[in-house]
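First the structure, in the form of structure tokens, and then the observations on it.
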Amino acid sequence: MAKIDNEAINSIKVLALDMIDKAGSGHPGIVLGAAPIIYALYKDHLKVIPSKPDWINRDHFVMSAGHGSALLYSMLYHAGFDIDLEELKHFRELNSLTPGHPEYRVTPGVDASTGPLGQGIGIAVGMAMAERYLNAIANIEKKNSGIIDYYTYCLCGDGDLMEGVSYEALSFASTQNLNKLIILYDCNKVSLDSDTTNTFTEDIEIRFEALDFNILNVKNGNDYTEVSKAIKQAKKSDRPTIIICNTTIGKDSMLEGTNKVHGKPLSKEDLSNIKEKYKITTEAFNIDSKILTHVQAYINNRVGENFKKWEEEYREIKESDNIGLHSMLNLLERNTFVIDFDDTKFKISDEYSEELRESNHKIMNFISPKNPFFLGGSADLSSSCKTNLDKSSIQSEDNPVGKNIYFGVREHAMGAILNGMALSNLKVFGSTFLAFSDYQKPAIRMSALMNLPVTYIYTHDSVYVGPDGPTHEPVEQLTMLRTIPNFITFRPADINEIMGSWEYILKNNCPTALVISKEKRSKNKNTNAKFVKYGAYMIRKEKYHLDGIIIATGSEVEMAMNISKELFTMGIDTRVVSMPSVELFLKQNPKYEEQLLPKDIPTFVIEAGSSLIWNRFATKPEYIFGVNRFGMSGKTGEVIRYLKIDKNSILEKIANYLAKDVNIDII
């Protein structure tokens with residue numbers, strides 16, 4: 001190893017340690033153990049232009065071991081990314097560019113938010129999928145195109161590989177043979193509580209041999225040159241690669257090799273000793289400009305020629321009339337996703353009646369041919385969720401442009417992989433049953449944190465799936481989805497509202513859930529796709545005087561309409577409000593809510609799920625007709641009658657409540 005490289009690695013370590021020391025929190029163990037790994041990657045291999053961090057053909061890097069953020073920020077600074085030294089001094093402080101774990105759209109050079117262990121591996125798999133897909137489309141449009149041609153790297157630790165999501169994602173990566181995915185495994189055999197003899201004793205090489213990965217083992221992960229050689233070798237493989245870098249956590253610390261150096265700052269004495277050993281001044285944040293010049297010049301010289309060649313092709317495409325590649329460049333550079341979707345183009349008979357998942361299937365297949373960048377799949381449930389794109393094929397190594405992704409029974413990984421694809425500006429979806437959204441919660445949360453245009457499609461949305469029993473009957477999941485910040489949940493009532501949901505989804509780059517019933521429903525002549533964006537709207541107006549309001553969502557809207565009609569025959573005049581999206585409704589001007597839901601009018605809610613969120617709208621808790629217990633196995637009609645959420649039970653209660661509480665005379 002050249003002396004200057006050794007000095008650079010030590011400089012990266014010490015700067016990160018200074019950040020942790022000033023913040024009073026952080027993870028010094030990974031800094032001291034994995035610095036040679038990240039240095040080898042950035043200096044010798046990663047195709048990046050620090051002055052152009054969003055270059056669309058850059059190599060992508062995911063720091064799955066997100067607790068190593070100080071190490072990443074220090075490396076980015078040394079590489080020349082636009083991070084001022086002052087920002088490093090504010091590590092983990094409010095509104096700084098250097099948050100506690102890496103955050104997408106906050107720090108230049110950070111390609112993904114990470115922190116929940118294992119998620120980053122799934123994201124990296126999604127990025128590799130997206131690269132292969134975009135590369136294949138580019139080569140259809142222009143033979144031998146290099147406009148999209150990059151590697152995806154991921155740095156992970158023992159904790160990442162312990163989490164089940166990583167195994168799901170890597171199994172999928174192997175099945176798809178994503179050979180441009182390279183996992184750098186910081187194998188130090190220590191986690192927060194103890195060394196891994198208590199928790200993680202499997203033979204990783206055998207595990208990845210079973211996965212049919214290309215396996216490279218760097219015996220001394222502290223030797224940057226050996227790591228660099230392994231990365232060079234990995235790029236030649238026709239299989240996805242894991243590079244096992246055997247390291248020592250907290251190397252050169254008085255606590256090296258122990259869990260005590262994992263998650264808290266070093267003592268002043270320890271930090272001072274390390275600086276003395278590295279022959280670095282004890283003054284904090286004092287960086288040798290000679291080192292910065294060396295690292296930055298090396299990276300720019302290495303990547304510069306490649307970038308010039310790429311720019312030539314880029315200019316050729318811009319000057320050509322290749323509409324397909326123009327569309328791709330617009331998508332990747334500006335995140336402009338355009339589909340001409342207008343519900344008025346659909347002619348739907350008033351007699352239209354079918355399962356809502358079938359209606360959704362038709363709309364998705366109307367959307368799909370209009371844009372090559374709309375794609376997705378299912379966790380082995382496309383035939384049940386009805387999300388297959390009929391005019392396209394299954395994506396695979398042999399067919400990289402297939403728009404149907406068969407994720408297998410891997411809900412958790414599916415969400416993380418979709419996030420990686422969305423980070424590559426694709427408009428993606430994934431489907432499963434609503435009850436299994438629990439498997440995806442960590443990935444959904446990451447979608448919302450990064451504001452990614454991932455659409456989670458959920459069918460079998462209530463206890464109406466009676467014969468499947470309580471394991472498949474969602475109760476609390478709708479409430480869970482609706483409470484996620486920066487996330488929009490739709491539960492449409494009929495084909496009109498499904499169209500309105502998709503119109504919103506296609507025009508807004510944000511994470512969403514589309515919750516679709518498998519129940520057969522008619523088209524309601526009063527529902528309106530254009531009003532879905534308001535979250536709630538009136539679908540039955542009172543005729544003479546407003547005695548009460550019934551709010552409903554999804555397939556229960558049809559029931560609410562029927563109840564309202566029968567109440568009218570009793571002399572009770574009610575308004576019916578469909579609320580396909582609670583979140584969008586709560587974003588409206590308060591005056592809209594006052595007009596739609598006057599506060600002095602008794603208001604009821606019907607939804608076959610948890611009632612917890614509905615106290616915000618219902619006049620009294622007993623005015624909410626929901627399900628606050630697990631379901632049961634049985635015929636649908638029997639189940640809903642047993643749970644008292646059938647039409648007759650609710651009709652009787654609403655009539656009695658209004659007669660008793662509001663003194664309405666029932667005819």
* Only one of Ile299, Ile243 that is touching a strand residue (DSSP E or B) at 6+ places or on another chain (Cβ under 6 Å), surrounded by 15 or more Cβ atoms within 10 Å (Cβ to Cβ) and not in a loop (DSSP other than H, G, I, E, B) -> Ile243
* To do: Among the residues of the stretch 209-240, write down those that are in contact with a helix residue (DSSP H, G or I) (Cβ under 8 Å, 6 or more places away or on another chain), surrounded by 15 or more Cβ atoms within 10 Å (Cβ to Cβ) and either hydrophobic (A, V, I, L, M, F, W, C) or assigned to a loop (DSSP other than H, G, I, E, B) (or both).
  => Leu211, Phe213, Ile215, Leu216, Val218, Gly221, Asn222, Asp223, Val227, Ile231, Arg239, Pro240
* Structure fact -> Within the stretch 306-357, residues basic (Lys, Arg) and surrounded by fewer than 17 Cβ atoms within 10 Å (Cβ to Cβ) come out as Lys308, Lys309, Arg315, Lys318, Arg334, Lys345, Lys347
* Considering each of Ile572, Ile549, Ile613, Ile563 in turn, give the residue that is in contact (Cβ under 8 Å) with a residue 40 or more places away in the chain and touching an Asp or Glu at 6+ places or on another chain (Cβ under 8 Å). => Ile572
* Asked: What are the residues in the stretch 162-189 that are in contact with a helix residue (DSSP H, G or I) (Cβ under 6 Å, 6 or more places away or on another chain) and of a type in the set (Ser, Thr, Tyr), if any?
  -> Ser166
* Asked: Looking at the stretch 344-366, which of its residues are more than 23 Å from Asp461 (Cα to Cα) and either in contact with a His (Cβ under 9 Å, 6 or more places away or on another chain) or part of a helix (DSSP H, G or I) (or both)?
  -> Thr344, Lys345, Phe366
* Asked: Counting just the residues of the stretch 447-497 that are buried (at least 24 other Cβ atoms within 10 Å of the Cβ) and among the charged types (D, E, K, R), which one comes out farthest from Ser383 (Cα to Cα)?
  -> Glu497
* To do: Pick out the one residue from Phe285, Phe200 that is in contact with a helix residue (DSSP H, G or I) (Cβ under 8 Å, 6 or more places away or on another chain), on the phi > 0 side of the Ramachandran plot and either assigned to a loop (DSSP other than H, G, I, E, B) or assigned by TED's automatic domain parsing to the domain that holds Cys154 (or both).
  => Phe285
* Structure fact -> Restricting attention to the stretch 468-515, the residues that are part of a helix (DSSP H, G or I) and within 22 Å of Arg629 (Cα to Cα) number exactly 10
* Considering the stretch 128-173 alone, what residues qualify as being surrounded by fewer than 24 Cβ atoms within 10 Å (Cβ to Cβ), of a type in the set (Ser, Thr, Tyr) and under 28 Å from Asn188 (Cβ atoms)? -> Tyr151, Tyr167, Ser171
* State yes or no: is Arg105 among the charged types (D, E, K, R) and out of contact with any Asp or Glu (no Cβ under 9 Å at 6 or more places or on another chain)? => yes
* Could you give me the residue pairs with C-beta distances under 8 Å whose first residue belongs to the stretch 188-199 and is buried (at least 16 other Cβ atoms within 10 Å of the Cβ), whose second residue is among the β-branched types (Val, Ile, Thr) and in a strand (DSSP E or B) wherever it lies, and which are 6+ apart or on separate chains? => Thr196/Val190
* Looking at (1) in contact with a helix residue (DSSP H, G or I) (Cβ under 7 Å, 6 or more places away or on another chain); (2) at pLDDT below 90; (3) under 27 Å from Arg521 (Cα atoms), which is the one condition that is false for Phe337? -> (3)
* Tally of residues being over 23 Å from Asn57 (Cα atoms) and either part of a strand (DSSP E or B) or in contact with a Pro (Cβ under 7 Å, 6 or more places away or on another chain) (or both) across the stretch 413-443 -> 8
* To do: Taking Ala23 as meeting all but one of (1) surrounded by 24 or more Cβ atoms within 10 Å (Cβ to Cβ); (2) of a type in the set (A, V, I, L, M, F, W, C); (3) touching a His at 6+ places or on another chain (Cβ under 9 Å); (4) more than 30 Å from Lys308 (Cα to Cα), write down the number of the exception.
  => (1)
* Restricting attention to the stretch 529-566, and to residues there that are more than 37 Å from the chain's Cα centre (by Cα) and farther than 17 Å from Ile601 by Cα, which single residue is surrounded by the most Cβ atoms within 10 Å (Cβ to Cβ)? -> Ile563
* Taking the stretch 39-78, which residues are in a helix (DSSP H, G or I), more than 25 Å from Met446 (Cβ to Cβ) and hydrophobic (A, V, I, L, M, F, W, C)? -> Ala40
* Asked: Any residue in the stretch 73-83 that is free of Cβ contacts under 8 Å to residues at least 60 places away in the same chain and charged (D, E, K, R)?
  -> yes
* Within the group Lys251, Lys290, Lys260, Lys275, which residue is surrounded by fewer than 15 Cβ atoms within 10 Å (Cβ to Cβ) and either in contact with a Leu (Cβ under 8 Å, 6 or more places away or on another chain) or at pLDDT 95 or above (or both)? -> Lys290
* Can you work out which of the residues in the stretch 378-427 that are in contact (Cβ under 8 Å) with a residue 40 or more places away in the chain and surrounded by fewer than 17 Cβ atoms within 10 Å (Cβ to Cβ) is nearest to Met446 (Cα to Cα)? => Gly408
* Count - residues of the stretch 452-489 that are within 17 Å of the chain's Cα centre (by Cα) and hydrophobic (A, V, I, L, M, F, W, C) -> 8
* Does Gly100 meet the test of being small (Gly, Ala, Ser), on the phi < 0 side of the Ramachandran plot and in a loop (DSSP other than H, G, I, E, B)? -> yes
* Quick one: would you say Lys441 is in the same structural domain as Ser353 (by TED's automatic domain parsing) and over 17 Å from the mean Cα position of the chain (by Cα)? -> no
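The values are calculated or read from the model by the stated rules, or taken from the named source; none is laboratory data. Keep in mind that what you see is a predicted model, and the values were worked out from it rather than measured. Cβ coordinates were reconstructed from backbone atoms using ideal geometry, including for glycine residues, and neighbour counts include every protein chain displayed.
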